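I have placed the structure first, in the form of structure tokens, so that the comments after it can refer back to it.
The values are calculated or read from the model by the stated rules, or taken from the named source; none is laboratory data. What you see is a predicted model; the values in this text were computed from it and never measured. Backbone-built Cβ (ideal geometry, glycine too); neighbour counts: all protein chains shown. Remember, those area values only see protein heavy atoms, side chains included, never the ligands or the DNA or RNA. Shrake-Rupley method; radii C 1.70, N 1.55, O 1.52, S 1.80 Å.
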Amino acid sequence: MKKPIVKIYLLAAFTTLLYSCSQNETNEVDSKAESQKFEIINVTHHDGKPFSTGGSSSSPTGKYVDNPGGGVMMQAFYWDVPAGGNWWNTVSSKVTAWSNAGIGSIWLPPASKAQNGAFSMGYDPTDYFDFGDYNQNGSIETRFGSKTELVSLITAAHNENMKVYADIVINHNSGGQSEANPFTGTNTWTNFSGVASGKFTRNYNDFYKNSYGNNDEGSFGGFPDLCHANPHVQDWLWLRADGVGKYYKNTMKFDGWRFDYVKGFGPWVVNAWNANVGGFSVGELWDSNVNVLNDWANAANSSVFDFACYYKMNDAFDGNNLALLNDDMMWKRNPYKAVTFVTNHDTDEIWSKMLAYSYILTHEGYPTIFYRDYEEWLDKSKLNNLIWIHNNKATGTTSILYSDNDEYVARRNGYNGNPGLVVYINNSDAWQERWIQTNWANTQIKDFTGNSTWYPTTQADKWVKIQCPPKGYSIWSINQ
């Protein structure tokens, strides 16, 4: 859901500093002696299980196969994408390239007809079964296109072994007709008996306040607040074989769900949906408190967007305090249920975006890339390189090796034969060097970003000196 946030987006132009170094760096003992004072912080998960977010799996076509917590998601839209009914075709034209780059899933905007018809971004839903094939709310197609084009897009994504996630807005509805409401003593816009699809008709008793109570956890923007306690609503949302959830999954072929504004209703709603419908799910719980995020994820049996990580990255990278990355985040609590991101259609606060992407694409959790960052605003080749590193090297648990205001070094410890990596992020204006301890003895390593030309060899005790460019990052692993 669009939030009232206004931000001027600035792309910082970083000056590249020339730095000369030998091809094979000789490790210096005096530097190592200082580095041995570094504290290694192991990120321990509550379940104690090893976690792999990057292990590529094979498929009949050889493409990377997505799995929750193990792939990379593309948010395949932004706020106010071009109107005119061509967005599904636009995304369709990109899924092959995205798949080749290692993207395993796409998250689409709300696909059904909303109150503003051809101009709506979908967050004011009227008819959950009108995907652009009924003349309703002033148009036949949605802002994004027709049902035929949507089905074609989903099919194209599946042909590339990509999952497709639907944005589900079930906190509120909009576009109903006025009716007398005995619970308010006034007329309310809660009569949805005339929806063009004829499915999931609603009246005043399907919205708060009603015979089930005065309110639930929250309402949004004055829209009629859907009452999930009403069996009629439950039936049509997740119980019926031809209801919203199962129709989207079994007929439209969506693979999962992004639940909008989950602060507005109890986590039991998402839990019930997941139990009855299935598929991947992630909730938009806009809260920086990791305890709130973790409690909701457990109660909903769902992943959740890691807003704790988002705000820590903003403070760390833009506030020049990388030590904040030691703080608690959802991916540290439960990487299986953490979806990390740098920007989305609602909030765009982080300026040092490439540093943030280097963080989420090397750390645990399920990283999301924002459409405009990838297609318009940032260096696509650098993002593709980070996606490749994520899918091929970012495995195992995490150990934070060093952090201060300007520098952050972490190690992914590898998993199931995959060697893992070391990521070095430098927010200062000069090249930096650090001695760190790897998991590899007497092994040549390299920076898989190409930002450093060093090819150092680790010592018998696994220590090695690495470097990182100014306002940049380097990512090291076995040279193979």
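Less than 5 angstrom separates the built amide H of I106 from those of M74, K163, V164, Y165, all sequence-distant by 5 or more or on a different chain. Helix-only arithmetic for the chain: the sum of -39500 (n - 2.57) across DSSP H runs with n ≥ 4, divided by the residue total, places the mean residue ellipticity at 222 nm at -5000 deg cm²/dmol. Scalar couplings 3J(HN,Hα) for segment 344-349, obtained by applying the Karplus form with A = 6.51, B = -1.76, C = 1.60 to θ = phi - 60°, are 9, 5, 9, 9, 9, 9 Hz; x denotes Gly and Pro. Note on A299 and D242: the model spin-label points, each 7 Å out from Cα along the C-beta direction, lie 3.5 nm apart.
W87 exposes around 10 Å² of accessible area when a 1.4 Å probe is run over every protein chain in place.
Database remark: amide H of D225 closer than 5 angstrom to the amide H of Y208 (H placed geometrically; neighbours at sequence offset of 5 or more, or on other chains; Pro and chain starts carry no H).
Expressed as a whole percent, the accessible area of the chain that falls on carbon and sulfur atoms is 47 (1.4 Å probe). Going by accessible surface with a 1.4 Å probe and the largest first, Y415, Y78, Y424 read Y415, Y78, Y424. When you count the other C-beta atoms within 10 angstrom of each residue and take the mean per peptide, 107-115, 403-411 line up highest first as 107-115, 403-411. Phi-derived couplings, Karplus 6.51 cos²θ - 1.76 cosθ + 1.60 at θ = phi - 60°, listed residue by residue for segment 436-452: 9, 9, 9, 9, 10, 9, 6, 10, 6, 10, 8, 8, 6, 8, x, 6, 10 Hz, with x used for Gly and Pro. Along segment 176-187 the Karplus relation, 6.51 cos²θ - 1.76 cosθ + 1.60 evaluated at θ = phi - 60°, assigns HN-Hα couplings of x, 8, 6, 8, 5, 10, x, 7, 10, x, 9, 8 Hz to successive residues, with x for each Gly and Pro. Using C-alpha pairs below 8 Å separated by at least 6 residues, the relative contact order for the chain is 17 percent.
Across F200, F448, the residue with the most accessible area heads the list, and the full order at a 1.4 Å probe is F448, F200. Measuring nothing but how far apart in sequence close Cα pairs (under 8 Å, 6+ apart) lie, relative to its length, segment 90-239 scores a relative contact order of 20 percent.
Can you give the accessible area per residue of segment 66-394, in Å², using a 1.4 Å probe?
Numbers: 10360 Å² over 329 residues.
Per-residue value: 31 Å².
Using a probe of 1.4 Å on the protein chains alone, the accessible area found for E149 is around 40 Å². Beta bridges per DSSP, both residues in the chain: antiparallel share near 65 percent. Each pair of Cα atoms in segment 66-394 enters the Kirkwood radius, and Stokes-Einstein at 10 °C and 1.306 mPa s then converts it into a translational diffusion coefficient of 78 µm²/s.
For segment 175-219, what is the relative contact order in percent, using Cα pairs closer than 8 Å and at least 6 residues apart in sequence? Please report the intermediate quantities before stating the final value.
On the way: 54 pairs, mean separation 12.3, N = 45.
For segment 175-219, the relative contact order is 27 percent.
Can you flag which of K113/K253; K147/K246; K353/K380; K199/K263; K337/K382; K337/K462 are past 22 Å Cα-Cα? If you can, show how the numbers build up before the last one.
Values: K113/K253 18 Å; K147/K246 17 Å; K353/K380 12 Å; K199/K263 26 Å; K337/K382 27 Å; K337/K462 33 Å.
Violating the 22 Å limit, Cα to Cα: K199/K263; K337/K382; K337/K462.
Residues whose amide H comes within less than 5 Å of that of Y402, counting only those at least five positions distant or on another chain, are V409 (H built at 1.01 Å from N in the peptide plane).
For segment 329-403, would you read off the P(r) tail past 16 Å as a percentage of all alpha carbon pairs? The partial results should precede the final answer.
Numbers: 1404 of 2775 pairs.
The share of Cα pairs beyond 16 Å in segment 329-403 comes to 51 percent.
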